[in-house]
Amino acid sequence: MWANAWLRDDGFGGEVARRLSEVELPAGVSVMDAGTGGLDLAYEVMRGYDALVILDVSPQGGEPGTLYVMEPDEEAVPGGIEDGDVINPHAMDPQTVLRFVKSVGAWPGKVVVIACEPEDVSEMGWGLSERVQGAVARAVALVLETVGELQSGALAARAE
């Protein structure tokens, strides 16, 4: 989960993670709020997982509160360290985390990104905008549905 609660809607992932920590999750599923500590997430992923669900905001041009589901393919993620592009451990956004885990050979079996269209991530402030706050419950349900599909192998079958 990704969150920078000081940048308003960038706290979306953290709020969804908080809500997920209040529900009973299926066996083998854990929630980590990486906040601004993406390097922590990268190291955790290196321990080995069958799948990874990342929550973040993603400005795609839609209406604030719109949820997007993206399934990055390992082959589509640019090279990591070996390509000469520096990885800044203080700026580990989801794309950089995926570059890092790919570069060290620790790609989880399946990666799903659930992102929300933000309304406000440009100015310092506290709390989600009303429309993004309204998407949190839908995102929790979508994460649980996605986890169920991952555990049943439905996403893997769809990818083949």
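The values are calculated or read from the model by the stated rules, or taken from the named source; none is laboratory data. All values reported here derive from a predicted model rather than from experimental measurement. FYI the Cβ positions are ideal-geometry reconstructions off the backbone, even for glycines, and counts take in every protein chain you see. For the accessible areas, the whole protein counts, side chains as well, though only heavy atoms, and no ligand, DNA or RNA atoms are used. Shrake-Rupley method; radii C 1.70, N 1.55, O 1.52, S 1.80 Å.
Brief remarks on what is shown
- When region 125-136 is limited to residues that are open to solvent by 60 Å² or more (accessible area, probe 1.4 Å) and not acidic (Asp, Glu), the one that is nearest to the chain's Cα centre (by Cα) turns out to be 133.
- Residue in region 147-159 that is at pLDDT 75 or above, assigned to a helix (DSSP H, G or I) and over 18 Å from residue 52 (Cα atoms) present: no
- Candidates 49, 68, 43, filtered to the one that is at pLDDT 85 or above, aromatic (Phe, Trp, Tyr) and either in contact with a Gly (Cβ under 8 Å, 6 or more places away or on another chain) or more than 13 Å from residue 118 (Cβ to Cβ) (or both): 68
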